[in-house]
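As structure tokens, the structure follows; a few thoughts come after it.
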Number of protein chains: 4
Amino acid sequence: MTDAPFKIAILGASGYTGAELVRLIANHPWMEIKALTADRKAGMTMAEVFPHLGHLDLPPLQRIEDLDFSALDLIFCALPHGATQELVSKLPETVKVVDLSADFRLRNPAEYKKWYGLDHTAVELQKTAVYGLPEFYRDEISGARLVANTGCYVATSLLALLPLLQAGVIDPDDIVIDAKSGVSGAGRAAKEAMLFTEVSEGFSAYGVGGHRHMGELDQEFSKAAGRPVLCAFTPHLIPINRAIFATIYVKGEADEIHQTLTAKYSGEPFIHVRAKGTVPRSHEVRGSNLCHIGVVADRRPGRSIVISTLDNLMKGASGQALQNANLMLGLPETMGLEAAPLFP
Amino acid sequence: MTDAPFKIAILGASGYTGAELVRLIANHPWMEIKALTADRKAGMTMAEVFPHLGHLDLPPLQRIEDLDFSALDLIFCALPHGATQELVSKLPETVKVVDLSADFRLRNPAEYKKWYGLDHTAVELQKTAVYGLPEFYRDEISGARLVANTGCYVATSLLALLPLLQAGVIDPDDIVIDAKSGVSGAGRAAKEAMLFTEVSEGFSAYGVGGHRHMGELDQEFSKAAGRPVLCAFTPHLIPINRAIFATIYVKGEADEIHQTLTAKYSGEPFIHVRAKGTVPRSHEVRGSNLCHIGVVADRRPGRSIVISTLDNLMKGASGQALQNANLMLGLPETMGLEAAPLFP
Amino acid sequence: MTDAPFKIAILGASGYTGAELVRLIANHPWMEIKALTADRKAGMTMAEVFPHLGHLDLPPLQRIEDLDFSALDLIFCALPHGATQELVSKLPETVKVVDLSADFRLRNPAEYKKWYGLDHTAVELQKTAVYGLPEFYRDEISGARLVANTGCYVATSLLALLPLLQAGVIDPDDIVIDAKSGVSGAGRAAKEAMLFTEVSEGFSAYGVGGHRHMGELDQEFSKAAGRPVLCAFTPHLIPINRAIFATIYVKGEADEIHQTLTAKYSGEPFIHVRAKGTVPRSHEVRGSNLCHIGVVADRRPGRSIVISTLDNLMKGASGQALQNANLMLGLPETMGLEAAPLFP
Amino acid sequence: MTDAPFKIAILGASGYTGAELVRLIANHPWMEIKALTADRKAGMTMAEVFPHLGHLDLPPLQRIEDLDFSALDLIFCALPHGATQELVSKLPETVKVVDLSADFRLRNPAEYKKWYGLDHTAVELQKTAVYGLPEFYRDEISGARLVANTGCYVATSLLALLPLLQAGVIDPDDIVIDAKSGVSGAGRAAKEAMLFTEVSEGFSAYGVGGHRHMGELDQEFSKAAGRPVLCAFTPHLIPINRAIFATIYVKGEADEIHQTLTAKYSGEPFIHVRAKGTVPRSHEVRGSNLCHIGVVADRRPGRSIVISTLDNLMKGASGQALQNANLMLGLPETMGLEAAPLFP
């Protein structure tokens, strides 16, 4: 640690994950926001774009092209998929990067092309990227220059299942992930499908049978199991702002599953395994960086139900990103992330 | 049909399913509400208990003991589980009964005791009860005196899966039903867990691993498959008023599943199978007696995802009950149930 | 009445008021939907645009230019402000028109220009238009060819205050209308401000100090009072789909106000004055064509609070439009509008 | 300040304001929670009552009778009205008290009896109580032993109007406060009226014409104006968890009002006056201790609309209480209250 705070920029600050990063870093004792960028909203103040941050002393939104990267210690990239690869390739080596997009998550460029429809333009850089799930890649993240922050659905699923696949206590060929997300995961772009009137008082599934996050799930599940894993995964939209809630059906004994998870996460500050037989509600983690996991025996012998939930803007995006950044900068991992959930 | 409208009573009119029956029957051309009962709220007017029905000309709420059953053609029983058995045993044979509780749904009294914790006190009567799912028991319902209306979760699941089990196009040993319900399914009793503050902006599971509706699912699934069927079933609470939404994971080919469902429901007024590969949203059936079903191929070969949704107070309870009553009284099955969904 | 149903078209059927008209008319025994138009969505089926109407047998969406107006008895225009004037000018005289836009509501073209920023292009036609508030213009509507349906905020306010201004029981110089609307009033266009994430779990005011509906309020209030009336009026956004709820502060005695309203509305099918001292909740009229009004004495002597609520898509728009159309076609005024509110 | 943290107890920790205090103090560097009480839930852990606080190391819930007050520096009383008076009378003088109930807010015992229906049992103690609105009673609070925390509706209204009444820029005889609250203000007790199904998708008024908070409003408004002030005040229920939103109609010039508020609050950390002509949304302060105020000229000459909003559990209750406690203990006023709003 230096004496002075680390100099931080947030690229893509006009979206919800960008605003969430500002909210968190505003009270972080060892980070200082030096620059904020936005594309269409460059020139505006953050107070105009997000009045809830209007009481903070923040730099105005500017265009990425006008940024002086040499003065920065670390940048958070909250840009659309595809935009980050080119940018990061051109940055000074001294700038660390936490990327919240999917651009550096998939090790296999063919998988990237399959799910995102784009050729990967920074394949060499990709090889240096560390997957940003601290509970499994803590050491690598601490030494990394470029961290690919996990997706929100994926983080929820991996935290529940990676220890189980690693320990071999569940059958890798029989995993069903029924996942539900709050609406903020869809971002702030104006779309008919995300209007209040289209979402409220309703429930729906999307991407049924094929969804972008599957590539990321496959990669990490297969690595943990040491063999290819193909799970069922269905995302749904809950008419609430914040949450990922995954109900996961596995073949495996509940006792063994619960013990494996408890052992794995006993020292983790953000992962809480609930008492066996009890399950968390999504609002019990809202606004915090926590992930709560519960395990219940299915009535079908030898099968279990694992429920995992987190706040998609926090442990599912910006909180996770800050956790990664703390590690990369040698700071205490929980710094700026201690807030308890906001309930109700 | 007689010249005059049929004389109807609704027992348990101070709950949501009771109020929904009043709403529906108020505009039914061949039914007339002659009596309404409520226990604690006896003596009050319906306008006091449900101001949204205050413009209707309705009888006051009275106690069941004060009812003259001899003047009635049909009663709807929307009473708590356990209360209906004794009551129906004492009724004149001339009164037809649609029971919305679970009291007469399970053919096996041991199953009733297992899930509801009560001895069945009307076992003989139970043998005469017809299971109230018109799409599968239409003829029996038409001739029945006592119909046991299906549960809301169960109706949603049966409508999706019974034709598939009957046709043998899915594996009975590999069924996962991830089900979600709106809050009105919990009734109007004041419970901390159902407060606005406890439910809104959140998502939760309950009865994980063991839920009362499983007995009913097992009974009908097993009958359709001709062998015991034990599915996984997890209910969740959505922060909305009305819906059941079931995401069902099965082993079977999507094409075959879609064809089987389409064939089965081609003439049904209330069941709509969506175009293959597309899925319904719950708010697309809200306020109507419709059930929408969609089928999508899972990316795992030989597996499929079936999504089924309905309004828990309508096709999941009171709408279904009226459909049954229409059949029992020889009326057109859709009478009073033609309203299109209310969206948004 | 003829033997055959009246032939109806709905212009602008891809918006929420258009869909609501379809929902209502689908079950109307004396109307038949012969044509539906939409601009950008022409060529699509209604089932694609509004899956909740997918079970109905409806004509496809077409462009207005391709419509044969000669075969129609009545059209509902649910087009944006400014689009209707030119269109109606060119229609055959035999076609009756209920216009849901603001184009023909204001008698004074200067007022129209002031609030909508457009020159009125059909001033002569405007003179023939009848203001579509049946409880006050029933006879004129019955004989009209062109009816200008009231705005939703305005209907709520007029129904509460017109009888009081006519009877002189409140001070026209001291009226504060604090009005709140559900989100469906903003339509289905994709706007950032109407995203679920921007609206839910929040409350806001808009158009504070100056809002388009003021011109319409001024016109009708002044006419009723026989002198210019300028009220305070503040619209707010409630995070719900359907409702207008107006809390109105007036100088006048509660007893006199309540009696005046009760007398005025005693025979009206859709307007219900609640018992004195009690007030309605907005969800007690949801989905119906009802307007509920309550009166309470303010603790400040000589002052009262009047609360008026209706469903903005029903009595505030499409329900009102159908009520007007029934009158124009010589049908019973309540036909197709008898549905009780949907609660919860 | 001592070297060690101050020892704190929260009485009534099983309610929402109690839980909010726990949430805030858990991260407060100079306070330590030594005891938590609850009546019916004594013996349970906080994790059982509020799982969202389950990751914190907290004392179990106990009965007040079992508390050792001598070891405490300050207690927060979040008990029902009427319960606090007797309790505080018996406490050691060394214990400071922030009372979140209404028990010590009203200087005149007759007013207390009028609005709460109870005789005041600690009239002498009442005389020593300081009204807990730091922006107006900062010095008195700093020296107080007993502070009566303001009500949530009242804080919202006072922050908007006290400076205007003090400065004489509005007419004290013409104030209309149309106020709206989130549901958490009703507490966690199981009541039918606060069920999700009764509140969601709806809007309602309550206490119209007479509400307990009026006594508190009258007291402070009259004191500020130097003469009796009687305003109109109508509370409403918004289907959201957190917020007070007050739309206030006054006679006075918007420029003068805006200048007066801006001058008054220029140095205040928690009160933000928005740019003239703009108004805040309630979700722009959610989860924070901020109050945002906006001023717009009414179209009626010489009249203005003031909008004031805050989070009812924060600046309206527990945040305010912590701000008061900080002052009473000689700590920086904003300590533990710096979190920016949670949006969306």
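The values are calculated or read from the model by the stated rules, or taken from the named source; none is laboratory data. This structure is a prediction, so every number in the text was calculated from the model and none was measured. Here Cβ is always computed from backbone atoms with ideal geometry, including for glycine, and neighbour counts include all displayed protein chains. What goes into the accessible areas is simple: the full protein's heavy atoms, side chains included, and nothing from ligands, DNA or RNA. Shrake-Rupley method; radii C 1.70, N 1.55, O 1.52, S 1.80 Å.
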B:L146 open to solvent by less than 10 Å² (accessible area, probe 1.4 Å) and in the same structural domain as B:P235 (by TED's automatic domain parsing): no
Those residues of the stretch C:45-65 which are more than 14 Å from chain B (Cβ to nearest Cβ), touching a strand residue (DSSP E or B) at 6+ places or on another chain (Cβ under 8 Å) and either of a type outside the set (V, I, T) or assigned to a loop (DSSP other than H, G, I, E, B) (or both), in sequence order: C:P59, C:P60, C:L61, C:Q62, C:R63
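Yes or no, residue by residue, for (1) without any contact (Cβ under 8 Å) to a residue 12 or more places away in the chain; (2) under 14 Å from the mean Cα position of the chain (by Cα); (3) within 14 Å of chain A (Cβ to nearest Cβ); (4) surrounded by fewer than 21 Cβ atoms within 10 Å (Cβ to Cβ):
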{"site": "B:Q166", "(1), (2), (3), (4)": "no, no, no, yes"}
{"site": "B:I170", "(1), (2), (3), (4)": "no, no, no, no"}
{"site": "B:V176", "(1), (2), (3), (4)": "no, no, yes, no"}
{"site": "B:V183", "(1), (2), (3), (4)": "no, no, yes, no"}
{"site": "B:K191", "(1), (2), (3), (4)": "yes, no, no, yes"}
{"site": "B:M194", "(1), (2), (3), (4)": "yes, no, yes, no"}
{"site": "B:G202", "(1), (2), (3), (4)": "no, no, yes, no"}
Given (1) more than 7 Å from every other protein chain (Cβ to nearest Cβ); (2) without any contact (Cβ under 8 Å) to a residue 12 or more places away in the chain; (3) within 19 Å of D:Y249 (Cα to Cα), index of the condition C:T262 fails: (3)
Within the stretch D:220-326, strands (runs of 3 or more DSSP E) holding 3 or more residues that are within 21 Å of D:P341 (Cβ to Cβ) and modelled with pLDDT of 95 or more: D:244-251, D:271-273, D:291-297, D:303-310
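Only one residue in A:K34, A:K90 is of a type in the set (K, R) and more than 28 Å from D:A275 (Cβ to Cβ), so which one is that?
Result: A:K90 is the single residue among A:K34, A:K90 that is of a type in the set (K, R) and more than 28 Å from D:A275 (Cβ to Cβ).
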Where D:H52 falls short, out of the listed (1) open to solvent by 20 Å² or more (accessible area, probe 1.4 Å); (2) farther than 28 Å from D:I141 by Cα: (1)
Those residues of the stretch D:11-30 which are surrounded by 20 or more Cβ atoms within 10 Å (Cβ to Cβ) and away from chain A (no Cβ under 14 Å), in sequence order: D:L11, D:G12
Lone unmet requirement of (1) open to solvent by less than 10 Å² (accessible area, probe 1.4 Å); (2) more than 29 Å from C:Q259 (Cα to Cα) for C:E86: (1)
Selection count, the stretch C:273-285, where residues are open to solvent by 50 Å² or more (accessible area, probe 1.4 Å) and closer than 21 Å to C:Q166 by Cα: 1
Sole exception among (1) surrounded by fewer than 23 Cβ atoms within 10 Å (Cβ to Cβ); (2) polar (S, T, N, Q); (3) within 22 Å of B:E20 (Cα to Cα) for C:T262, by number: (3)
Residue within the stretch A:115-124 that is among the hydrophobic types (A, V, I, L, M, F, W, C) and assigned to a loop (DSSP other than H, G, I, E, B) present: yes
Selection within the stretch A:221-234 - at the interface with chain B (Cβ under 10 Å from one of its Cβ atoms) and not polar (S, T, N, Q): A:L230, A:C231, A:A232, A:F233
Any hit, the stretch C:127-140, residues being assigned to a helix (DSSP H, G or I), modelled with pLDDT of 95 or more and of a type in the set (A, V, I, L, M, F, W, C): yes
All positions within the stretch C:204-220 that are surrounded by 16 or more Cβ atoms within 10 Å (Cβ to Cβ), within 13 Å of chain D (Cβ to nearest Cβ) and not small (G, A, S): C:V208, C:H211, C:R212, C:H213, C:M214, C:L217, C:D218
Matching residues, the stretch C:288-341, being open to solvent by 10 Å² or more (accessible area, probe 1.4 Å), within 14 Å of chain D (Cβ to nearest Cβ) and either in contact with a Gly (Cβ under 8 Å, 6 or more places away or on another chain) or in contact (Cβ under 8 Å) with a residue 60 or more places away in the chain (or both): C:V296, C:A297, C:D298, C:R299, C:G302, C:R303
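How many residues does the stretch C:231-248 hold that are basic (K, R) and open to solvent by 10 Å² or more (accessible area, probe 1.4 Å)? Can you show your working first?
In the first step, residues of the stretch C:231-248 are kept if they are basic (K, R); the result is C:242.
Subset that is open to solvent by 10 Å² or more (accessible area, probe 1.4 Å): none.
Number satisfying all stated conditions: 0.
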Residue in the stretch D:1-10 that is farthest from D:G336 (Cα to Cα), counting only those that are assigned to a strand (DSSP E or B) and open to solvent by 10 Å² or more (accessible area, probe 1.4 Å): D:K7
Flag for C:L79 being open to solvent by 10 Å² or more (accessible area, probe 1.4 Å) and touching a strand residue (DSSP E or B) at 6+ places or on another chain (Cβ under 9 Å): yes
So A:P92, is it over 22 Å from the mean Cα position of the chain (by Cα), open to solvent by 10 Å² or more (accessible area, probe 1.4 Å) and within 14 Å of chain D (Cβ to nearest Cβ): no
Yes/no for C:P332 being more than 17 Å from the chain's Cα centre (by Cα) and under 29 Å from B:M314 (Cα atoms): yes
Candidates C:A78, C:A35, C:A71, C:A4, filtered to the one that is more than 30 Å from C:F221 (Cβ to Cβ) and either touching a Leu at 6+ places or on another chain (Cβ under 8 Å) or not small (G, A, S) (or both): C:A35
Meets criteria (over 30 Å from D:V88 (Cα atoms), among the hydrophobic types (A, V, I, L, M, F, W, C) and within 14 Å of chain C (Cβ to nearest Cβ)) for D:I244: no
The stretch B:31-44, subset in a strand (DSSP E or B) and buried (at least 18 other Cβ atoms within 10 Å of the Cβ), residue nearest to the other protein chains (Cβ to nearest Cβ): B:I33
